[in-house]
Structures are given as C-alpha cells and as structure tokens.
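Participant: Take a look at the following structure, please.
The values are calculated or read from the model by the stated rules, or taken from the named source; none is laboratory data. Being a predicted model, the structure only gives us computed values, none of them experimental. Every residue, glycine among them, receives a Cβ derived from its backbone with ideal geometry; neighbour counts consider all protein chains shown. These area figures cover heavy atoms from the full protein model, side chains too; ligands, DNA and RNA do not enter into them. Shrake-Rupley method; radii C 1.70, N 1.55, O 1.52, S 1.80 Å.
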Amino acid sequence: MKIALMDSGIGLLAAAAAMRRLRPDADLLLSSDPDGMPWGPRTPASLTERALGVARAAASHRPDALIVACNTASVHALPALRAELEPTIPVIGTVPAIKPAAAAGGRVAIWATPATTGSPYQRGLIRDFAAGAAVTEVPCPGLAEAVEFADEAAVAAAVAAAAELTPADVTDVVLGCTHYELVAGAIRTALASRTGGTGLVFHGSAEAVAVQALRRIGAGSATALPATGTLTVLRSGRTEALPAAALGYAEGRLLAGRGAVVA
C-alpha cells in the first residue's frame, strides 16, 4: 500500500503521522513545494497550478491514494486535482472539523490563516454545519510560517496573539490549518492559561483524513502490523530528505524513524 500526501510545506506531517500510526506497513510519499511556498498569498489560479505540479510529482510514483493535506489547497485546487487524477488515484481533501466541534454544543473558536478567516468558504462551512452555534473566527497571522520553519519564538508570539483574540469562555477549538496541528500543545497551553482551565476540546483533521483515505481504497486501520512502511520525500519534484524543520516536531521524528511517540 502506498499513500501520498501533498502540501506546500510540512503541514502534511500531522496526517502522515496519523497514517503511519494507523498503517505501519504503508509506504508514505510526502510531496511538498518549497520552491513555490507559501501558497496562501497566491491567486486561486496560481495556487492550483502549483498544487497540480506537486500532485503530478506524487502521481508519477503511482500511489493508491493522494491526501491533499492542506486546507487552502483543498479549497481552491481540489476540483482540478480530482479532474486530473481520479478515478485512477482517489484524491482526499482536508476540511476543518467545524461540524464535530459545533455538535458538542459549546462555544467554538476556529483558528485559521488570515486568508481563510472570514472567507466565503469558511463562512459556508459555519452556515452549513454550525448554524445556531456560538462561533468565533480567529485569524492567526504568521503562525503557519513560523511552524514551517520551526521558529519557536515566532510560534509563541503568533499563538499568544491568536489566544488574545479567542473568547475566554471557549470550549472547542478547531485547528483550521494543517500546520497548526504540529503545535497543538503550545496552543493548548496558551488557551488554558487564558481560559483558566484545561478542559478545552481540540478538533484537528489529520486522523479523520487518514481514515477517509483508507476507506476510499477499501482498507482499514491495522495498528499492530509490523512497521515496514517506507518514506519517500519529494520537494518540488526532487527526491530529498525530510527538511531539518520537520525533525523539530514529534510527527516528523516519528516519520524519520527517530522513535518519537506521537500522543
């Protein structure tokens, strides 16, 4: 079994680590675009062009499925990716976990990039899946970029700024950018300090996307299988090693075989 994941950068690590936990035997292919990142500021047409290039590089390795482990790319490029690759290669997009967060009935905060915050796409998800819920959209300028380069000081500053914009009575937090899942611990700590409690529920997309990818190819989780799966890294189409920044996160170390345990 070979599963490909794509993103502009290392935001795909969370979903890749989830897949590694679910299927230790799966060969994983990580395809990113350091030459073209960040994708967020690009026009939809430019972003789609870059995403297609990254997807084609992955497709040349004949994966059984391709996970678009990027919220922004899923918004703008998913139709084009599916039109080109399906049905030969199932393409699975990433959607913020707004529906399960709102279903809990509490007060929801959606942390997302400035481009996504307030966008018609996100507002549509809120309308469709969180009607009647108390929802606050929280822009997080600079956070994805800080995570990409494992800049701890910049991560701390961006998290602190976003925490200040988050209502103190929030109960559920949606991590609306795949990069944010890599620093969920820092976000949890900052919000626990602000809200005065540790009972916050966080909603990411990584595991749900991995499960959906397995479902699309008629497979299931098998966590007890031997860890025989390989790892291939493509960076703007070039076969390379994981970038050093990836090893700053437990997910990256897990994928690199460094023995890290991902909670």
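Participant: Under a 5 Å amide H to amide H cut-off, with H placed in plane at 1.01 Å, what residues pair with I110 once short-range neighbours are removed?
Facilitator: The answer is T136, E137, V138, V174.
Participant: Follow-up question, since we're still on this one. For the chain, what % of the accessible area comes from carbon and sulfur atoms, probe 1.4 Å?
Facilitator: Answer for the chain is 55 percent, counting heavy atoms of protein chains only.
Participant: Separate question: Taking one equal scatterer on every alpha-carbon of the range 49-193, how large is log10 of I(q)/I(0) by Debye at q = 0.13, 0.17 1/Å?
Facilitator: -0.63, -0.97
Participant: Return the sequence-ordered ³J(HN,Hα) values of the range 55-62 in whole Hz as given by the Karplus equation 6.51 cos²θ - 1.76 cosθ + 1.60 applied to θ = phi - 60°, using x for Gly and Pro.
Facilitator: 5, 5, 4, 5, 4, 5, 8, 6
Participant: Rounded to a whole number, what is D in µm²/s for the range 158-263 from Stokes-Einstein with the Kirkwood radius over alpha-carbon pairs (10 °C, 1.306 mPa s)?
Facilitator: 97 µm²/s
Participant: Just the accessible area per residue of the range 123-165, please: how many Å² with a 1.4 Å probe?
Facilitator: I get 51 Å² per residue for this part.
Participant: Then there's this: Local charge sum around G105 (other residues, Cβ-Cβ under 14 Å, Lys/Arg +1, Asp/Glu -1)?
Facilitator: 0
Participant: Still on this structure: What accessible area, in Å² to the nearest ten, does a 1.4 Å probe give for C70?
Facilitator: It works out to around 10 Å².
Participant: When DSSP beta bridges are limited to those with both residues in the chain, what percentage is antiparallel, rounded to the nearest 5?
Facilitator: The antiparallel fraction comes to roughly 10 percent.
Participant: What residue among A210, A160, A112 has the largest mean-square fluctuation in a Gaussian network model of the chain, using Cα springs under 10 Å?
Facilitator: Checking each option, the largest mean-square fluctuation is seen for A160.
Participant: Related question: With springs connecting C-alpha atoms under 10 Å apart, model the chain as a Gaussian network and identify which of A101, A192, A55 has the largest mean-square fluctuation.
Facilitator: Sorting by GNM fluctuation, first place goes to A192.
Participant: While we're on this one: Write down the Å³ per residue value for the convex hull defined by the alpha carbon atoms of the range 1-89.
Facilitator: Per residue, the Cα convex hull of the range 1-89 comes to 83 Å³.
Participant: Another question, if that's okay. Once you have the Kirkwood Rh of the range 45-97 from its Cα pairs, apply Stokes-Einstein at 20 °C and 1.002 mPa s and quote D in µm²/s.
Facilitator: This corresponds to a translational diffusion coefficient of 196 µm²/s.
Participant: Working from Cα positions, state the angle (0 to 90°, nearest 10) between the long axis of helix 206-216 and the longest principal axis of the chain.
Facilitator: The helix 206-216 is inclined about 40 degrees to the chain.
Participant: Comparing A17, A245, A153, which has the greatest mean-square fluctuation in the GNM of the chain with Cα pairs linked when under 10 Å apart?
Facilitator: Greatest mean-square fluctuation among the candidates belongs to A153.
Participant: What's the long-distance tail for the range 133-215, i.e. % of Cα pairs beyond 14 Å?
Facilitator: I get 63 percent for the Cα pairs in the range 133-215 exceeding 14 Å.
Participant: Something else: With point charges of +1 on the Cβ of Lys and Arg and -1 on the Cβ of Asp and Glu, referenced to the Cα centre of the range 69-161, which listed residue (Q122, A134, V155) lies farthest in the positive direction of the dipole?
Facilitator: A134
Participant: Okay, moving on. Starting from the range 154-263, pick out the trypsin sites (Lys or Arg not before Pro) whose DSSP state is loop and whose Cβ has at most 16 other Cβ atoms within 10 Å.
Facilitator: Here the sparse-neighbourhood loop sites are R258.
Participant: Follow-up. Using the charge dipole of the chain (Lys, Arg: +1 at Cβ; Asp, Glu: -1 at Cβ; taken about the Cα centre), state which of A210, A55, A69 has its Cα farthest towards the positive end.
Facilitator: A210
Participant: Ok, one more. Treat every Asp and Glu Cβ in the chain as -1 and every Lys and Arg Cβ as +1, leave all other atoms uncharged, and give the resulting dipole magnitude about the Cα centre to the nearest 20 debye.
Facilitator: Roughly 480 debye for the chain.
Participant: On to the next question. Quick check: pseudo-label points 7 Å beyond the Cα along Cα→Cβ at A45 and E84, how many nm apart are they?
Facilitator: Placing both labels 7 Å beyond Cα along the Cβ direction yields 1.6 nm.
Participant: Give me the angle, in degrees from 0 to 90, between the Cα long axis of helix 152-164 and the longest principal axis of the Cα atoms of the chain, rounded to the nearest 10.
Facilitator: The angle comes out at about 40 degrees.
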